[in-house]
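Written out below as structure tokens is the structure these notes cover.
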Amino acid sequence: MSELLKTVSDTIKREQLLSVREKVIVAISGGADSVALLMALFSLDFQVVAAHCNFHLRGDESDGDEEYIRQLCKTLGIEIYVKDFDTYAYAGEHSLSVEMAARELRYTWFDELCDDLGIGKIAVAHHKNDQVETVLLNLSMGTGIRGVRGMRYMRDGKIIRPLLDVSREEIECFLQEQNLSYREDSTNKEFVYKRNALRHKIIPAFTALNPAFVETVARTARNLAGVEELYNYTLRKIRCEVQTDSGFLIQPLKTYPALDTILYELLREYGFNRLQCTDIRTSLYNPPGAVFFSATHRLIRGRETLELIRLDDLRCDMPPVSIDLLSGSGRVELPLGDVFWKKLRIDELSSFERNANLLYLDARLLPDRLLFRKVHPGDRIKPFGMKGTKKVSRIFIDNHISHRERQSTFLLTCGDFVLWIPGRVVSDRFRIDENTQNIFVFTFIPR
């Protein structure tokens, strides 16, 4: 067995990329790397199916690649699927670079092919030198641990890279041993592509300083892959400790080091960037009230929680709901729960329970309609048993009501009077007395 086949076999076993004789789609361009991958998996007795994308980016050269691949697969007796793309048109329609358009088209088709053929894995020909280029490219643009650990051996349980421990030099030696030709992509020598500049200028310069540069960087990427696993494990534990339905608990967050990094990992899926996360970390040591926005979310530094609210939730406000008391009974669906109401004679009331989820109003004192609406600035309520009134906003603050719940709270009002904060406070207005004969009973069922 050749050295390359042994390395690929060891990689597949160690990383559990394929089971014995598993069927696999091999993405083949016609270049040295993909030809070596196809031949290696074929030689190792995996059931190989070839897939080629003709992006029609290089005219006759692209068609020559396709013809070469068809002949190679015919010689080896390998089934092949070819897909033609109008890459320039797709790039223009979706405002993508040609390179990104080709990538998107390629992997979309690969997914479709997997489904059509009932095959679970797609092998791509990224090798050790590609890994080094990826790490350096990421470093040049700024990155974190994900960037410097480079490409994974397996992505999304589907895309596999069996050549990732094999160098370009080893690939060329293998092709010579097998007496296999391959196609040269003329664009590989154009420095307009960043990878080509790295390949032909930057990496040779580093190799002059350290002849083992490629192997050293590839080994570093493998080491950092393990560090990333530990990093992700720690982040999952932190998330379990601090995440709530409405956001993230502040006090346990403040016990951890590298808080900027932790906040970024927790909040980046909501659209917050690293600079914002530094400002959010600073807000944890200041009084509550700071507000931060991403494209999709609003984050509020509350008393105990960093509260996250989707901007769509704020924009899709529920309109006020009018209650027609003349109908005698009804139901209202509110964001935080449902309210049921009905009219009764006082002697029909089996019990009188003092509870913020229940409201009893004297029917003779009420107009024909009441209104459920959102909180307005300056709203006040006269809580049951109190002589004066109190700001609704102060009730929220005193009871540590989250900003999310404040946004979703509806008040029952009669003109300028707030009669009820369902589930929180009952007003003293229109209460039952010794002259009451008919009443309205409102019941709040929290959701």
Scan region 177-190 and tell me whether some residue there is part of a helix (DSSP H, G or I), within 34 Å of the chain's Cα centre (by Cα) and farther than 24 Å from SER62 by Cα.
no
Given the options GLU353, GLU333, name the one that is closer than 23 Å to ILE445 by Cα and at pLDDT below 90.
GLU353
Considering LEU198, LEU235, LEU175, which residue is in contact with a Phe, Trp or Tyr (Cβ under 7 Å, 6 or more places away or on another chain), in contact (Cβ under 8 Å) with a residue 24 or more places away in the chain and not β-branched (Val, Ile, Thr)?
LEU175
Just to check your reading of the model, which residue among PHE248, PHE292 is of a type in the set (Phe, Trp, Tyr), under 16 Å from ARG310 (Cα atoms), touching a residue at least 24 places away in the same chain (Cβ under 8 Å) and touching a helix residue (DSSP H, G or I) at 6+ places or on another chain (Cβ under 6 Å)?
PHE248
Quick test of your reading of the structure: ASP362 fulfils all but one of (1) open to solvent by less than 20 Å² (accessible area, probe 1.4 Å); (2) modelled with pLDDT under 90; (3) more than 48 Å from the chain's Cα centre (by Cα). Name the failing condition by number.
(2)
Just for region 137-156: of the residues that are free of Cβ contacts under 8 Å to residues at least 24 places away in the same chain and at positive phi, which one is nearest to the chain's Cα centre (by Cα)?
ASP156
Of these, LEU306, LEU361, LEU326, which one is under 30 Å from PHE440 (Cα atoms), touching a residue at least 40 places away in the same chain (Cβ under 8 Å) and in a strand (DSSP E or B)?
LEU361
Failed criterion for ASP338 (all others in (1) closer than 23 Å to VAL441 by Cβ; (2) open to solvent by 90 Å² or more (accessible area, probe 1.4 Å); (3) out of contact with any Gly (no Cβ under 6 Å at 6 or more places or on another chain) hold)
(2)
Region 311-323: number of residues that are open to solvent by less than 50 Å² (accessible area, probe 1.4 Å) and in a strand (DSSP E or B):
2
From the list ALA89, ALA101, which one is surrounded by fewer than 14 Cβ atoms within 10 Å (Cβ to Cβ), assigned by the TED database to the domain that holds ARG183 and at pLDDT below 95?
ALA89
Criterion: open to solvent by less than 50 Å² (accessible area, probe 1.4 Å) and assigned to a loop (DSSP other than H, G, I, E, B) - qualifying residue of PHE430, PHE396, PHE442:
PHE430
Note on region 19-41: residues open to solvent by 20 Å² or more (accessible area, probe 1.4 Å) and touching a helix residue (DSSP H, G or I) at 6+ places or on another chain (Cβ under 7 Å) are SER29, ASP33
Matching residues in region 48-77 (open to solvent by 20 Å² or more (accessible area, probe 1.4 Å), of a type in the set (S, T, N, Q) and under 39 Å from the mean Cα position of the chain (by Cα)) number 0
Do any residues in region 369-381 that are loosely packed, with under 15 Cβ neighbours inside 10 Å have Cβ atoms under 9 Å from those of residues that are part of a strand (DSSP E or B), where the two are at least six apart or on different chains, and which pairs are they?
ARG369/SER322; ARG369/ILE323; ARG369/ASP324; ARG369/CYS414; HIS376/LEU411; GLY378/LYS391
Can you find a residue in region 297-310 that is surrounded by fewer than 16 Cβ atoms within 10 Å (Cβ to Cβ), under 21 Å from SER393 (Cα atoms) and either in contact with a His (Cβ under 6 Å, 6 or more places away or on another chain) or charged (D, E, K, R) (or both)?
yes
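The values are calculated or read from the model by the stated rules, or taken from the named source; none is laboratory data. Model, not experiment: these values are computed from the prediction. Note that each Cβ is placed from the backbone with ideal geometry, even for glycine, and that neighbours are counted across all protein chains shown. Please note that ligands, DNA and RNA were not included when accessible areas were found on the heavy atoms of the full protein model with its side chains. Shrake-Rupley method; radii C 1.70, N 1.55, O 1.52, S 1.80 Å.
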